[in-house]
Amino acid sequence: MCSTIPNVVLLSSSKMPLIAFGTASSSNHPQIVKAAVIEAIKVGYRHFDTASIYGSEQALGEAIAEALKLRLIASRDELFITSKLWIRGVESCVAAEESERILQSKGIVVIAYSPLGAKGSHWGSNEVMDNEVLKQIADAHGKTVAQVSLRWQYEQGVTFAVKSYNKDRIKENFEIFDFSLTNDDNQKIDEIKQERKVKTFVISDLWDEEN
């Protein structure tokens, strides 16, 4: 198992693991989602992102039950589960860096979704994974483009939900804490044109720990 990832401390003093494992799935069979979640728990993921609209809540619950049965975790308390409230008429997008800094100063955690560009999805693009600058930086560190991209977001102080149902990539996306980007790396990345393809959501403490 990989080393434990850093936590974000919420206003309630609860600790939320910085990396979330995404479970959005419009086409995959629930058993595929379940198997992927179990594999993610084996690797070390302890934060899982779901929503009613994803259709993955039952599969996630079954995976957690199986993980308990297999003693991969000692109790449900080891896991942090993020879901969502869909509120009509309320804009949940965070449109600039200044807005993100303001939210963070108020104790609101910013979570990035589809942080690798969601290549292959109807809303996604290849712009992240096929970026030549990121490929060069990845080669210099002996890492993948995905790992460099996720490391950059981690160093920006952003929590993110990353999804893959491939066993090797589940592990790969978790292994971003054994290197750091250089100032030169960051300058090159800053010059890359960036555009939000998916809304960014914010998480604050809405429930106590009993719910």
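Under the condition of being small (Gly, Ala, Ser) and modelled with pLDDT of 85 or more, which residue from segment 152-175 is surrounded by the most Cβ atoms within 10 Å (Cβ to Cβ)? Please lay out each step first, then the result.
Step one: list which residues in segment 152-175 are small (Gly, Ala, Ser), which gives 157, 161, 164.
Next, only the ones that are modelled with pLDDT of 85 or more stay: 161, 164.
Numbers: Ala161: 21, Ser164: 18.
Filtering first and then ranking leaves Ala161.
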Inset, instruction - Please enumerate the residues belonging to segment 4-61 that are within 19 Å of Phe160 (Cα to Cα) and basic (Lys, Arg). - result: Lys15, Arg46
Inset, instruction - Might you check whether a residue that is under 27 Å from Arg151 (Cβ atoms) and modelled with pLDDT of 90 or more occurs anywhere in segment 101-120? - result: no
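Just give me the residues in segment 176-197 being under 30 Å from His29 (Cα atoms) and either more than 13 Å from the chain's Cα centre (by Cα) or exposed (fewer than 14 other Cβ atoms within 10 Å of the Cβ) (or both), in sequence order.
Quick first cut of segment 176-197, residues under 30 Å from His29 (Cα atoms) only: 176, 196-197.
Arg196, Lys197 - these are the residues of segment 176-197 that are under 30 Å from His29 (Cα atoms) and either more than 13 Å from the chain's Cα centre (by Cα) or exposed (fewer than 14 other Cβ atoms within 10 Å of the Cβ) (or both).
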Legend entry - One residue from Val198, Val128 being modelled with pLDDT under 85, in a loop (DSSP other than H, G, I, E, B) and in contact with a Leu (Cβ under 6 Å, 6 or more places away or on another chain): Val128
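The values are calculated or read from the model by the stated rules, or taken from the named source; none is laboratory data. Small disclaimer: the values here were computed from a predicted structure and weren't measured. In this analysis, Cβ positions are derived from the backbone assuming ideal geometry, glycine residues included, and neighbour counts consider all displayed protein chains.
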